[in-house]
Ligand SMILES: [Zn+2]
């Protein structure tokens, strides 16, 4: 598979001369499989050439494949992570009471990059009058529970598909790393929110302890990630898009032990053996709470 590559300026602050080269590309196009663009897959330790922006602190891929070729790759990406999506959704839902208490209205909620719509259940239970998800890949939408499948629009997120000022809450989890223009996503969400509404994001923290210790063996360095944020760089994007009362928080994930093992950097054969033993013993399905190096960022439209 040979993808056409293009170059770009910093996708958060727009500067094109404030970078240092963070990592040269580690990239083998012959290993691109259908799982390369799936969520929560086994890490492959491939990444683009990564630049670190000195002005806003984001790490960004440059050059990177064209938007058209990435959208085509996502459309066909496989999905095998329904269980993990449920666990992740439960962790993110912990933040909802705090956010809901600050919302002026509870009309409509939108989940961008909703996957199989696991989080839509939480939004429905929170009392929103209308709940909608968007997801570019077909496979997770096909795997969605019947209770939420009808609420998911299978398409990349586009501002023009929705009415400006019509949402009270927009959520977007583990997706900002994948989108072509992350600042534009924040700006689009701002336009779609009514005054008093909120944007709630969850991202990998490139400055988390796990990322610093593991270096490029960390699963966050991956060809599906076009940029990687720190709390500083995501707050910068939210400020630039017009949000107020911006706050960031650590996320504690509760996952089965087998999933933590899948993420851990082990040689493939050792990982296969460990996963097999965990499955056989039943231990793999025991869940364990850990900080996986994710953070939540919340901003309000005042
Ligand atoms: Zn920048």
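Values quoted throughout were computed directly from the atomic coordinates according to the rules given, and no laboratory measurement underlies them. Fair warning: this is a prediction, and the values are worked out from it, not measured in the lab. In this analysis, Cβ positions are derived from the backbone assuming ideal geometry, glycine residues included, and neighbour counts consider all displayed protein chains.
Mind jotting down the distance between the C-alpha centroids of the range 254-302 and the range 232-253, whole Å?
Using only Cα atoms to place each centre, the spacing works out to 25 Å.
Tell me, how many Å apart are the Cα centres for the range 90-159 and for the range 164-198?
Taking the Cα centre of each part, the range 90-159 and the range 164-198 sit 13 Å apart.
Kirkwood hydrodynamic radius for the chain: how many Å is it when counted over pairs of different Cα atoms? Mind showing how you got there, number by number?
Numbers: mean 1/r = 0.0509 Å⁻¹.
About 19.6 Å for the chain.
Given a Förster distance of 25 angstrom, what is the FRET efficiency for residue 266 paired with residue 24, based on the Cβ-Cβ distance and rounded to 0.05?
On the way: r = 24 Å, r/R0 = 0.98.
The computed FRET efficiency comes out at 0.55.
How high is the relative contact order of the range 79-131? Use alpha-carbon pairs under 8 Å, at least six apart in sequence, and give a whole percent. Before the final figure, lay out the partial values.
Details: 36 pairs, mean separation 21.7, N = 53.
Relative contact order comes out at 41 percent.
In percent, how large is the relative contact order of the range 42-178, given Cα pairs closer than 8 Å and 6 or more residues apart? Intermediate values should be presented prior to the final figure.
Values: 187 pairs, mean separation 32.1, N = 137.
Normalised by residue count, the contact order of the range 42-178 is 23 percent.
At what distance in nm do the modelled label points of residue 287 and residue 244 sit from each other, each positioned 7 Å from its Cα along Cα→Cβ?
Between residue 287 and residue 244, the simple spin-label model gives 3.7 nm.
Which value at 222 nm does the chain reach when only helices count, each DSSP H run of 4 or more adding -39,500 (n - 2.57), with the total divided by all residues and rounded to the nearest 500 deg cm²/dmol? Write down the numbers at each step before the final one.
On the way: 11 runs with 91 residues, N = 302.
The helix-only estimate for the chain comes to -8000 deg cm²/dmol at 222 nm.
Given a cut-off of under 8 Å on Cα pairs at least six residues apart, what relative contact order in percent is computed for the range 162-204?
On the way: 54 pairs, mean separation 26.5, N = 43.
Once normalised by length, the contact order is 62 percent.
Report the full-extension gain for the segment residue 94 to residue 212: residue separation times 0.36 nm, less the Cα-Cα distance, to one decimal in nm. Don't skip to the answer; put the middle values down first.
On the way: separation 118, 0.36 × 118 = 42.48 nm, distance 2.62 nm.
Gain in length upon complete extension: 39.9 nm.
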